[in-house]
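A quick write-up on the structure given underneath.
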Amino acid sequence: MASGNAIRGSRVGAGPMGEAERGESAPRLRISFWCSNGHETQPSFAGDAQVPDTWDCPRCGFPAGKDRDDPPDPPRTEPYKTHLAYVRERRSDADGEALLDEALAKLRGEI
């Protein structure tokens, strides 16, 4: 059985708190944002805050905009590239052959 010293049903900071004790709430704005999947989110902003043009959708993570009919495009994700794929983008096959020949010549002691 619990000790008789504990106050049941209460916690630190609990109690009747109204506007008089907390002060008045700042004016708020609820702005709708839509993503390309059609999800709507309505974050709340302070009345004097600068509202951003885009907001991340909490459901899918895509960027959401204020225009329901023209939401921002989802981000393009590039496929993973290996180191060799990046090398092939920079060098042609002829460049690769020349480098290989040079490296082999060094190993053979020809240079």
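Coordinate-derived values only; no laboratory data. Predicted, not measured: the structure shown is a model, and the values here were computed from it. FYI the Cβ positions are ideal-geometry reconstructions off the backbone, even for glycines, and counts take in every protein chain you see.
Considering every pair of different Cα atoms, what Kirkwood radius, in Å, is found for segment 30-77?
10.8
Sort the following peptides by mean Cβ neighbour count (other Cβ atoms within 10 Å, averaged over residues), highest first: 41-51, 72-82.
41-51, 72-82
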